[in-house]
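The values are calculated or read from the model by the stated rules, or taken from the named source; none is laboratory data. Being a predicted model, the structure only gives us computed values, none of them experimental. Backbone-built Cβ (ideal geometry, glycine too); neighbour counts: all protein chains shown.
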Amino acid sequence: MNPIRTRLALAALLVLGGTIALALGTPAEAKKKEKKPKGGKQAAVTETVLVRIGDEKITPATVQARLDELPEQVKTTFASPEGKQRLLERIVEERVWLAGASKHGVADRPEVKRQLDQQRRDLLVRTYVNEVMSANPAPSDSEAKAYYDAHLTEYQLPATVTLSHIQTKTEASAKKVKQYAAAGQAWKTLAAKYSTDSLTRNNGGALGSTTHEGVFGSIGAQPAIAETAFAVGAGKLGGPIKTNRGWHVIKVDAVKEASVRPFDQVRGGIVRQIGGQRQQEYYNARLAEIRGELGVVPDSAAIKSYVSQKKSPREMFNEAQNAGPALARIEAYRNMLEIYPDSEVSPQARFMIGFIQSEELKDYNAAERSFRDLLQRNPDSELAASAQWMVDHMRTEGAPSFMNLEADSAASATTPDAAKAAGTKGSSGKP
């Protein structure tokens, strides 16, 4: 079967049944409809069997039960006759795969059992926590308004001024422009003709709105211009003003005083803020209550002793192998060596540092220092010969016979013997 089609088929099964449903099994068969006749005896009404899989029957009730489980946005896809046909086929596929998994003992595998236990645990915890938390009421409008009134400073809006400018090279030019503007000449015409600000002169010198800080998108931070604009007021001209860019004449288009955002604009955020804090407090309170009911008694001394235990050299070495990028792995190996300089895996760690430096980072000088450190500290190690070979040959095009060039150095260094420490195919660790 085409691998892509196989993956698509499996994906369809997951959409229909969900990951948990595939693992735990399909929903229970719909029970056969029964009715009691007047005589008190029961007469079974047998439903149509659509498909038989061994002793198992798939009926319209089976299909309908699965259809009822689907999300609304997916359910419409299977409402038509063609859709029901596809759904039936998917259910059959699911049952066939489930039967095969059962036949081959998949459910009895330790790793599968572990995942099933984890999914069951997570589902139970999530369901009960949601039920407990549903009893916590959402904040009311009156609570939100009370919070708003007590924190008005958090919702203040600063004063802003909207203005335009004409930038010139000299003060005399700026004064002339201001005179022309005061005499009634069109501001946009003056800006296009006299402004040296190439970013704004073609749109009337518009600088947009700013606060007292005076940060403008086109000319940067110019607090002197902003303060002058606030002092002049709406509809007025100001300047000339000297800045590091030259001289400026400004026209103030509008001034908006400082204000407070209306409650209706911030109500949603306040409700979420109060609700989040209340949810956490409610959760902590209910957790403490249930802990008390169950008699949870932590042993502080035992906990402290447990969490303060150092990791073994092997654990640290394995973590270093999976630490990700080259530099992160080198740092992890060095951390291990700092704590355990003479452990059974310390020679491997020293070799891997040099190997990564040589083969991944191409830093041959650093790699040589690392390999020589191994030769000095662990001359009797199985890796000594390999380290010497790397010192002698790593700058050449040749590759050592113990190297597996198709393997990543971090992924291949998984065993304590010399060869496999560097991703090798051999067992001697010697070139």
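Figures for the structure shown
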read-out: Matching residues, segment 169-228, being among the acidic types (Asp, Glu), surrounded by 13 or more Cβ atoms within 10 Å (Cβ to Cβ) and within 39 Å of the chain's Cα centre (by Cα); value: none
read-out: Filter result (free of Cβ contacts under 8 Å to residues at least 24 places away in the same chain, closer than 26 Å to LYS256 by Cα and not β-branched (Val, Ile, Thr)) within segment 186-219; value: ALA186, LYS188, LEU199, ASN202, ASN203, GLU213, GLY214, PHE216, GLY217, SER218
read-out: Search result, residues across segment 36-52 that are loosely packed, with under 14 Cβ neighbours inside 10 Å, modelled with pLDDT under 90 and within 23 Å of ARG95 (Cα to Cα); value: THR46
read-out: Conditions (1) on the phi > 0 side of the Ramachandran plot; (2) not assigned by TED's automatic domain parsing to the domain that holds SER386; number of the one not met by ILE303; value: (1)
read-out: So ALA144, is it surrounded by 11 or more Cβ atoms within 10 Å (Cβ to Cβ), closer than 30 Å to THR196 by Cβ and among the small types (Gly, Ala, Ser); value: no
read-out: Hits in segment 236-263 (condition: surrounded by fewer than 14 Cβ atoms within 10 Å (Cβ to Cβ) and touching an Asp or Glu at 6+ places or on another chain (Cβ under 8 Å)); value: LYS242
read-out: First in segment 141-170 and under 14 Å from VAL271 (Cα atoms), second anywhere and modelled with pLDDT under 95 and among the β-branched types (Val, Ile, Thr), Cβ under 8 Å, 6 or more apart; value: GLU143/ILE274; ALA144/ILE270; ALA144/VAL271; ALA144/ILE274; TYR147/ILE270; TYR147/ILE274; TYR148/VAL266; TYR148/ILE270
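For every residue, the table says whether it meets (1) in contact (Cβ under 8 Å) with a residue 40 or more places away in the chain; (2) surrounded by 15 or more Cβ atoms within 10 Å (Cβ to Cβ); (3) among the charged types (D, E, K, R).
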| residue | (1), (2), (3) |
| --- | --- |
| ILE303 | no, no, no |
| LEU327 | no, no, no |
| GLU344 | yes, no, yes |
| PHE355 | yes, yes, no |
